[in-house]
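See structure below.
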Amino acid sequence: MPDAGKRITLQEYVISECRDKGQNQGLESVIMAIAEGSRRVQQQVQQAALADALGVTGETNVQGEIVQRLDTASSDIFVETLSQSGQVAAIGCEEIERPVIVEGDTSEGYIVLMDPLDGSSNIDVAVSIGSIFGIWQKNPDETVNDDSLLRPGNQQVAAAYVVYGSSTVLVLATKHNVCGFTLDIESGRFAVTHPSIKIPVECPYYSTNEGNNKVLDGPTQKAITLLRDKYSQRYVGSLVADFHRNLLKGGIFAYPADQNRKDGRLRLMYEANPLGFVAEQAGGAASTGYERILDIDPVELHQRTPLILGNKDVVEDTVAVIRGG
Ligand code: AHM
Ligand code: MG
């Protein structure tokens, strides 16, 4: 049986980060709302087949993608926990067209952008999926509106993701550290299991959808061929799971632009910015192929971006080839 009692809990960790190390005040309430939401989503993911909660809703989301029933359930759970945290002024969500502006917003409020359930194609088949969160602090005298959410990733104060896999792991990146916590199912608490994550210098893996090779431009095809020649391929098809493996074991993830996806496949605000922040805080890098992800000035909440993410040296080498170098 786990002895989580001997480990530092997520709550103890974030209180220390926020109060003792000068990380933004009130952030602990946002993180604990994410943790509570994740605990509930994890239960739903585990029980979905038994509760007849798998499958599609019959709707398409703002991105034109088919909505799974668990996408909607997860989105509702996180909107509820974040709204009730008392520290969140606005929420942007991959599944919701317009931002959710929270009533009774405080002057120290935060803005959270999230993909509540990443890896939709894996939901029904018991393969690892996850949730992703980017966290910005609103200006103290600002009344939030839709435009308040359009901030570059370099202004994030923290980012987090959760993997619902063979165990449920929450990874939190703050200004000081990247730390991983595992959910103790019995107590419902997350406890520190990966105290200070740095992406390994070695890069055993590359993760990309090889089926897209034929629609890549010449330089990008060459970049992927170079990765294939050097590294082993691992591709789950859930960004969170692919990124988590590469963060712990070393690796690079690539979803570049192609003929069918001129702006890339993944979402800047919900996927690339938060994971780009985690990667950089852990010593890695995130690029579109032409610019640093975190420096993009967003023009649209649901905008897409090409994404090259992971080991810093390998990202830089890959980007140089994509640029025709
Ligand atoms: P989602 O947020 O709707 O689940 O879509 C994003 C997912 C990522 O998790 C994953 O990296 C990618 O889409 C997989 O795309 P593909 O099936 O084209 O390889
Ligand atoms: Mg996603």
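The values are calculated or read from the model by the stated rules, or taken from the named source; none is laboratory data. On a predicted model such as this, the values are computed, not experimentally measured, just so you know. So basically every Cβ, Gly included, is an ideal-geometry build from the backbone, and we count neighbours across all protein chains shown. Surface accessibility is based on the protein's heavy atoms, side chains included, excluding ligands, DNA and RNA. Shrake-Rupley method; radii C 1.70, N 1.55, O 1.52, S 1.80 Å.
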Taking H placed 1.01 Å from N in the peptide plane, check which residues at least 5 places from V157 or on another chain put their amide H under 5 Å from its amide H. I135, W136, Q137
Spelling it out for T57: with amide H atoms placed in the peptide plane at 1.01 Å from N, the residues 5 or more places away or on another chain with amide H under 5 Å from its amide H are V67, Q68, R69
Please compute the contact order of the chain in relative form: average sequence separation of alpha-carbon pairs under 8 Å and at least six residues apart, divided by the residue count, as a percent. 15
Of E316, E280, E28, ordered by accessible area with the largest first and a 1.4 Å probe, the sequence is E316, E280, E28
Identify the GluC sites (Glu not before Pro) of the stretch 93-136 meeting these criteria: DSSP loop state and at most 13 other C-beta atoms within 10 Å of the C-beta. E97, E103
Counting only protein heavy atoms and using a 1.4 Å probe, what share of the accessible area of the stretch 205-322 belongs to carbon plus sulfur, as a whole percent? 47
Probe 1.4 Å, accessible area per residue of the stretch 205-322, Å²: 38
Here the FRET efficiency for D141 versus I185, based on Cβ atoms and R0 = 56 Å and rounded to 0.05, is 0.85
So which residue, out of G130, G251, G64, gets the largest mean-square fluctuation from a GNM of the chain using Cα contacts under 10 Å as springs? G64
